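What follows is a set of notes on a single structure, which appears directly below.
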Amino acid sequence: MGIDLKKMRERKTALENKGNGNNRFWRPQDGEQTIRIVPTADGDPFKDYWFHYNVGDNPGFLSPKRNFGEDCPLDSFVRQLWQEGTEDSKRMAKKLSARQRFFAPVVVRGEEDKGVRVWGFGKQVYETLLNLVLNPEYGDITDAESGTDLVLTYGKPAGASFPVTQLTPRRRSSPLCSEPERCHELLETIPDFDEVFASSCKTSTEVQGMLDEFLLGDSDPEENSAETTKYNGNVNEKGGSAPSSVDQAFADLLGG
């Protein structure tokens, strides 16, 4: 029998996806789709991370404090805002506080050739999934031979401000793949979560820079200096002043 070009193309696609973190994420589309959470080597398909959002034009990034226990200028700034206790400071503290997000490796039915991808979701969906995996009637929903597909319905109900995710398990269990060899190949494409989120990791210095830029851009020009001094204690290094106490504490922690 000659070489199976279809399988070769699937292998090539899986390899390309594995090397590109952006292609490893999956977001549900409006309507109905069927997914399968796949088994992981550590027996825990759910991963959770804490992200900071809304810091200027910067995309979300991993909280050094909440994820790694590291000193973080933004975490210190948020605590300072809460302690100030005004309505404005509490509003900003809530906006900048780290938020927990959950992730799981999934295969989307009809798109198996794209390999295993990372699906991100919130606490409510996470609780639904935990209740499902702990339900003895379904057993191990991630099992490659006798797991359960999930029908995911996504969209905005009438009158709702935000889209809603609904999950319904299939009534019958099913294999992940029709061929054991194909299952092995598919599971080989499970993303390394540390690699996927590597670009979202920021150092204390990088976080301090983003915070400084945010504060300068979030206030009126005449108030820039006062606002930055009020919350940071020092202007960023572009202003030529000494590093903040948080930066110094982080340097001391590293022995620098």
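The values are calculated or read from the model by the stated rules, or taken from the named source; none is laboratory data. All of these numbers come straight from a predicted model, not from anything done at the bench. Glycine also receives a Cβ, built like all others from the backbone with ideal geometry; neighbour counts cover every protein chain displayed. The accessibility values were calculated without ligands, DNA or RNA, using every heavy atom of the protein model including side chains. Shrake-Rupley method; radii C 1.70, N 1.55, O 1.52, S 1.80 Å.
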Note: Glu188 to Asp48 extended length (0.36 nm per residue) minus current alpha-carbon separation gives 48.2 nm
Computed ³J(HN,Hα) along the stretch 145-153: with the Karplus parameters 6.51/-1.76/1.60, θ = phi - 60°, integer Hz and x for glycine or proline, the list is 9, 9, x, 10, 6, 10, 8, 10, 10
For Ser146 and Glu84, extending 7 Å from Cα along the Cα-Cβ vector and measuring point to point gives, in nm, a value of 5.9
Amide H neighbours of Trp119 at under 5 Å, excluding residues fewer than 5 places away on the same chain, with H built from the backbone geometry, are Trp26, Ala104, Val106
Of the listed links Lys65/Lys156; Lys123/Lys202; Lys47/Lys114; Lys65/Lys114; Lys47/Lys95, those spanning more than 32 angstrom between alpha carbons are Lys65/Lys156; Lys65/Lys114
Excluding ligands, DNA and RNA, the carbon-plus-sulfur percentage of the accessible area of the stretch 146-212 with a 1.4 Å probe reads 49
Quick note, the stretch 131-202: a/c under 1.5 would make it rounded; otherwise a/b > b/c is prolate and the rest oblate (a ≥ b ≥ c, C-alpha gyration tensor); here it is oblate
With label points set 7 Å from each Cα along the Cα-to-Cβ direction at Ser173 and Thr203, the distance between them in nm comes to 5.0
